[in-house]
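One structure is given here, and the rest of the page talks about it.
The values are calculated or read from the model by the stated rules, or taken from the named source; none is laboratory data. Everything numeric in this text was worked out from a predicted model, so none of it was measured. Heads up, the Cβs are rebuilt from the backbone with ideal geometry, glycines too, and the neighbour counts pull from every protein chain shown. To get the accessible areas, we keep the full protein, side chains included, count just its heavy atoms, and leave off ligands, DNA and RNA. Shrake-Rupley method; radii C 1.70, N 1.55, O 1.52, S 1.80 Å.
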Amino acid sequence: MDAGARFDLCVIIDDDEDILFAARLLLRDLFGRVVTATTPADAFAQTAGAAPDVILLDANFERGATDAAEGFDWLARFLARDPDAAIVMITAHAGIGIAVEAMKRGATDFVSKPWSNDRLLATVRTAAALGRSRRGAAAAPAADDAASIPAGETPMIGSAPAMARVASLVERAGPTDANVLVLGENGTGKELVARALHHRSRRADRPLVTVDLGAVAETLFDSELFGHVKGAFTDARSDRIGRLQAAEGGTLFLDEIGNLPLHLQPKLLTALEQRRVTPVGANKAVPIDVRVIAATNLSPAQLADECRFRQDLLFRLNTVEIELPPLRDRREDVPALLTHYLGFYARKYGARPKPVAPDLMAMLQRNDWPGNVRALRHAAERAVILSGTEPFTIDDFPVGRLDAPRITLAAPAEPDDMNLERAERRMIEGALRKHGYNISLAAQDLGLTRGSLYRRMEKHGL
């Protein structure tokens, strides 16, 4: 098993080779071995006698199929062979009904295509940890980064006063059923806080269901959150529970709550106030028991704008409010974070651990880190790769303008360098840096698919 991996075996089943490639590239450092297969039958045969930590199973395989019949059939087969298996269903973007049906049939969780890398990592980590706990594993997986690893497996790193306040609020609010609103810029670790709250609650053994409200189509809002009954609309061939019912007894994490359109906010408010939902097409409401944690990158001032967010909904959500500081406001935590990530990536790549010179660390502390902890993590990985056996220098870190002169990634290293391979690498690095290492946005800027960008990143060692 890879020394940097935390779980043994992941199985990914999808008929799209690009999906398999991207998922394998993303998850290869989390598992000692990642097995991919284009058909469930192949995966079933390959894993005979094994006990995968997690299985990612596509919902549909036949061309044109949308009912997930084949996915459900293989879900049942895998569970019949191993009742403790942790299976994450892969669905199309609009396949929330299929996803919650899969959870009713025994799936641990689901992800929608196209996925967010951080969300996929968090979902797979959680599912794998649950699979281990089901089997009574005595050893917990090793810790990874603080931005996305499930709660309980690593502490939030930082001793700055603002982070001490966050930790205190998590400890005090976690065991209660109080609704919590988590505020903070992208990359500050809002989902980590949500998972920490769930882990410390009395609902820790029940589901944590995430809804990315920034990705929910307005036309599907009612069906995705509240469910629907058979015949409620075209293609509603069977009853489907919504996300609120899927979280029954557990925690509902409403991510990007600030992106919910104003005209849809009353529907969510009513469900939370009445603690019941009425599926689309149904005449009878269904009671729900969920704890709500919401998160947004909107500022308190933006949330206070009644033209943007209903104040009665805000009042319902923020019984406890936790605001995560940007990294530029807790620069004293940069050394601890860098030391953690540099050590992690040194182990991951088999490199010799090296200290950061005090003058260099001071320069890095002065950086604004616009992508926050997520950007710092990527910077640490890049530095470990590029520095080799030499001491770290400022040019090893993809950071903004600092006191020391440096060559920016957006420009060629040498004005007359026309080498195509080096130019392509510079463009990819520049796009990744520009978008805070968001793969989807960088790929869009470069005119590539996510799969194509992943292949080029691997080609250039990025």
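Do the conditions hold for Pro300, that is, is it touching an Asp or Glu at 6+ places or on another chain (Cβ under 6 Å), open to solvent by less than 80 Å² (accessible area, probe 1.4 Å) and within 26 Å of Ala194 (Cα to Cα)?
no
Is it the case, given these coordinates, that Asp58 is surrounded by fewer than 20 Cβ atoms within 10 Å (Cβ to Cβ) and not hydroxyl-bearing (Ser, Thr, Tyr)?
Considered against the rule, which asks whether it is surrounded by fewer than 20 Cβ atoms within 10 Å (Cβ to Cβ) and not hydroxyl-bearing (Ser, Thr, Tyr), Asp58 comes out as no.
Pick out the one residue from Asp289, Asp312, Asp368 that is under 25 Å from Val211 (Cβ atoms) and in a loop (DSSP other than H, G, I, E, B).
Selected residue: Asp289, the only one of Asp289, Asp312, Asp368 that is under 25 Å from Val211 (Cβ atoms) and in a loop (DSSP other than H, G, I, E, B).
Scan the stretch 357-366 for residues that are more than 13 Å from Glu390 (Cβ to Cβ), open to solvent by less than 100 Å² (accessible area, probe 1.4 Å) and in contact (Cβ under 8 Å) with a residue 12 or more places away in the chain and jot them down.
Result: Met361, Met363, Leu364, Gln365.
Which of the residues spanning the stretch 19-47 are over 17 Å from Gly131 (Cα atoms), at pLDDT below 90 and not in a helix (DSSP H, G or I)?
Arg28, Asp29
Looking at (1) part of a helix (DSSP H, G or I); (2) farther than 26 Å from Arg330 by Cα; (3) at pLDDT 90 or above, which is the one condition that is false for Ala127?
Going through (1) part of a helix (DSSP H, G or I); (2) farther than 26 Å from Arg330 by Cα; (3) at pLDDT 90 or above one by one, Ala127 breaks only (3).
Looking only at the stretch 98-116, which residues are open to solvent by 30 Å² or more (accessible area, probe 1.4 Å) and in a helix (DSSP H, G or I)?
Within the stretch 98-116, Met103, Lys104 qualify.
Determine whether Glu390 is modelled with pLDDT of 85 or more, in a loop (DSSP other than H, G, I, E, B) and open to solvent by 70 Å² or more (accessible area, probe 1.4 Å).
So Glu390 fits the description; yes.
Restricting the search to the stretch 313-353, which residues are under 24 Å from Leu364 (Cβ atoms), of a type in the set (A, V, I, L, M, F, W, C) and loosely packed, with under 15 Cβ neighbours inside 10 Å?
Ala336 - this is the single residue of the stretch 313-353 that is under 24 Å from Leu364 (Cβ atoms), of a type in the set (A, V, I, L, M, F, W, C) and loosely packed, with under 15 Cβ neighbours inside 10 Å.
Go through (1) in contact with a Phe, Trp or Tyr (Cβ under 8 Å, 6 or more places away or on another chain); (2) modelled with pLDDT of 90 or more for Gly281 and report which single condition fails.
Among (1) in contact with a Phe, Trp or Tyr (Cβ under 8 Å, 6 or more places away or on another chain); (2) modelled with pLDDT of 90 or more, the lone unmet condition for Gly281 is (2).
With touching a residue at least 24 places away in the same chain (Cβ under 8 Å), within 18 Å of Ile257 (Cβ to Cβ) and part of a helix (DSSP H, G or I) as the only criterion, which of Leu342, Leu298, Leu268 stands out?
Testing whether each residue is touching a residue at least 24 places away in the same chain (Cβ under 8 Å), within 18 Å of Ile257 (Cβ to Cβ) and part of a helix (DSSP H, G or I) leaves just Leu268.
Which residue pairs have Cβ atoms closer than 6 Å, lie 6 or more positions apart in sequence or on different chains, and pair a first residue in the stretch 34-50 that is under 17 Å from Ala68 (Cβ atoms) with a second residue that is assigned to a strand (DSSP E or B)?
Pro40/Ile13; Ala43/Val11; Ala43/Ile13; Ala43/Ala37
Cβ contacts < 9 Å: first residue closer than 11 Å to Arg105 by Cβ, restricted to the stretch 59-83; second residue open to solvent by 30 Å² or more (accessible area, probe 1.4 Å) and among the polar types (S, T, N, Q), any location; separation 6+ or different chain. Result?
From residues that are closer than 11 Å to Arg105 by Cβ, the pairs are Ala68/Asn60; Gly71/Asn60.
Run Arg328 past the list (1) of a type outside the set (Gly, Ala, Ser); (2) touching a residue at least 60 places away in the same chain (Cβ under 8 Å); (3) in a helix (DSSP H, G or I) and report the number of the one that doesn't hold.
(2)
Going by what's in this entry, would Gly430 be described as among the small types (Gly, Ala, Ser), in a loop (DSSP other than H, G, I, E, B) and either modelled with pLDDT of 80 or more or open to solvent by less than 50 Å² (accessible area, probe 1.4 Å) (or both)?
No.
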